[in-house]
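Here is the structure we will look at.
The values are calculated or read from the model by the stated rules, or taken from the named source; none is laboratory data. All figures in this text were calculated on a predicted structure; none of them were measured in a lab. Quick reminder, even Gly has a Cβ in these numbers, built from the backbone with ideal geometry, and neighbours come from all protein chains shown.
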Amino acid sequence: MSTREEKNHKQHQAQPEIDEVTNDQILEGHEFDGIRELDNQLPPWLKYLFYASIVFAASYLTLVFVFEDARVIQAKEYQKEMAAYLQEEEIAEEEEKAAPVARTQEEIMASGEATFSKICSVCHGKFGEGLVGPNFTDKYWIHGGSREDMHQTIVTGVIEKGMISYKNLLSERQIQDVITYIKSLQGTNPPNQKAPEGELYDPEPEAGTQS
Ligand code: HEC
């Protein structure tokens, strides 16, 4: 650059160059391959939106980190909803205790029979006489013939023999009902019975127990 050109350049810097087409000021020092940058003003709406977002961010962060407000913290929101739900359940349980919905023996048996014929009879026989699975009408049990033993078998299944766990497929009430139904098959002596398997289970009938 000659000294004259240099002088010219300095003058330019003092008086900002204006773009002929847009009349906008050209920013100095931003030039690349002859492309230069104009000093455009942002439209007011965009500027205010920007300021508003700063204000929003500041207040949001204050809510989250300073006041830990339940409206913006998901974990708290979740806890609040869970507490409400559990309370609702507790109330329902208490109501049930106060005035239990009495189920008749027929209802329990009907529910147990429905589960049995839908799911269990495939392997244990239409009348519980035994098929792939053992006979339910005799007094012999491989895994124990008490309600607790049967419950255990139904909940864990006997995977190696092909009976799956019904833990997630049946509700606790359905399991209890189907046990009641199986117990009722005792001694019904249906045709085509499978030979007894396992140990003899012949408890003294206790007064007042469901059998
Ligand atoms: C896919 C076939 C299959 C289905 C379906 C099945 N079971 Fe079984 N179950 C078996 C087999 C096989 C055994 C015998 C396991 C053994 O030999 O140890 C068994 C054993 C049992 C026993 C223990 C019997 C004993 O002698 O101790 C009970 C109780 C029982 N099942 C209940 C049920 C109930 C209730 C259902 C329906 C919800 C059901 N099973 C569905 C195959 C099945």
Problem - Candidates L185, L169 - the one that is loosely packed, with under 14 Cβ neighbours inside 10 Å and under 24 Å from R103 (Cα atoms) - result: L169
Problem - Given (1) more than 11 Å from the ligand (Cβ to nearest atom); (2) in contact with a Cys (Cβ under 7 Å, 6 or more places away or on another chain), number of the condition G133 does not satisfy - result: (1)
Practice task
Please indicate, with yes or no, whether at least one residue in segment 50-57 is over 30 Å from Q25 (Cβ atoms) and either at pLDDT 95 or above or assigned by TED's automatic domain parsing to the domain that holds E17 (or both).
Solution key: yes
Exercise for the section: Kindly check whether there is at least one residue in segment 184-191 that is hydrophobic (A, V, I, L, M, F, W, C), within 10 Å of the ligand (Cβ to nearest atom) and in contact with a helix residue (DSSP H, G or I) (Cβ under 9 Å, 6 or more places away or on another chain). Expected result: no
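Considering only residues that are β-branched (V, I, T) and under 29 Å from the mean Cα position of the chain (by Cα), look in segment 104-130 and name the one that is nearest to the ligand (Cβ to nearest atom). Before the answer, list the steps.
Quick first cut of segment 104-130, residues β-branched (V, I, T) only: 104, 108, 115, 119, 122.
Still in the running and under 29 Å from the mean Cα position of the chain (by Cα): 115, 119.
Values: T115: 6, I119: 4 Å.
Checked segment 104-130; the qualifying residue nearest to the ligand (Cβ to nearest atom) is I119.
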Practice task
With respect to A58, determine if the residue is of a type in the set (A, V, I, L, M) and over 30 Å from D177 (Cβ atoms).
Solution key: yes
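Where residues in segment 98-117 are assigned to a helix (DSSP H, G or I) and of a type in the set (A, V, I, L, M), which of them is nearest to N168 (Cα to Cα)? Steps first, please.
Within segment 98-117, the first condition is being assigned to a helix (DSSP H, G or I), and the residues that meet it are 98, 105-117.
Now drop any that are not of a type in the set (A, V, I, L, M), which leaves 98, 108-110, 114.
Details: A98: 29, I108: 20, M109: 21, A110: 21, A114: 17 Å.
My answer is A114.
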Practice task
Identify all residues within segment 69-103 that are within 25 Å of the chain's Cα centre (by Cα), surrounded by 11 or more Cβ atoms within 10 Å (Cβ to Cβ) and among the acidic types (D, E); write none if there are none.
Solution key: E77
Exercise for the section: Only residues in segment 137-155 that are touching a residue at least 40 places away in the same chain (Cβ under 8 Å) and near the ligand (Cβ under 7 Å from one of its atoms) count as the first member; pair them with residues that are hydrophobic (A, V, I, L, M, F, W, C) and assigned to a helix (DSSP H, G or I), Cβ under 8 angstrom, at least 6 apart or cross-chain, and list the lot. Expected result: H143/M150; G144/M150
